[in-house]
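Quick notes on the structure that follows.
What follows is calculated from the coordinates using simple rules that are stated; it is not laboratory data. Nothing here was measured: the structure is a model prediction, and the numbers come from that model. Quick reminder, even Gly has a Cβ in these numbers, built from the backbone with ideal geometry, and neighbours come from all protein chains shown.
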Amino acid sequence: MSEAILSENKPETEATNNARVACDGPSFSKHPRVYLTMVDDENGKPNHVVCPYCSKTFVYTGV
Ligand SMILES: [Zn+2]
């Protein structure tokens, strides 16, 4: 089992009340703007989504 801890480049987490979010990453990256849709939890409600480019986690906080 490997535990990689990136202390200097820790992925961000952002709370949002939108079930769809746009991410274009840090300005220095070559990250295209992507639109991400929240992954539903077992109750079919939006829960969270992780950006495949920058590993930023968006957490759904809406109702
Ligand atoms: Zn991103």
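Determine one quarter of the surface area of the Cα convex hull of the chain, which equals its mean projected area, and express it in nm² to one decimal.
Computed as one quarter of the Cα hull surface, the answer is 5.6 nm².
Among bridges DSSP assigns within the chain, what percent are antiparallel (round to 5)?
So the antiparallel bridges amount to about 70 percent of the total.
Using a 10 Å cut-off on Cβ atoms, rank the peptides 24-33, 46-55, 11-20 from the highest mean neighbour count down.
Ranking, from highest mean packing down: 46-55, 11-20, 24-33.
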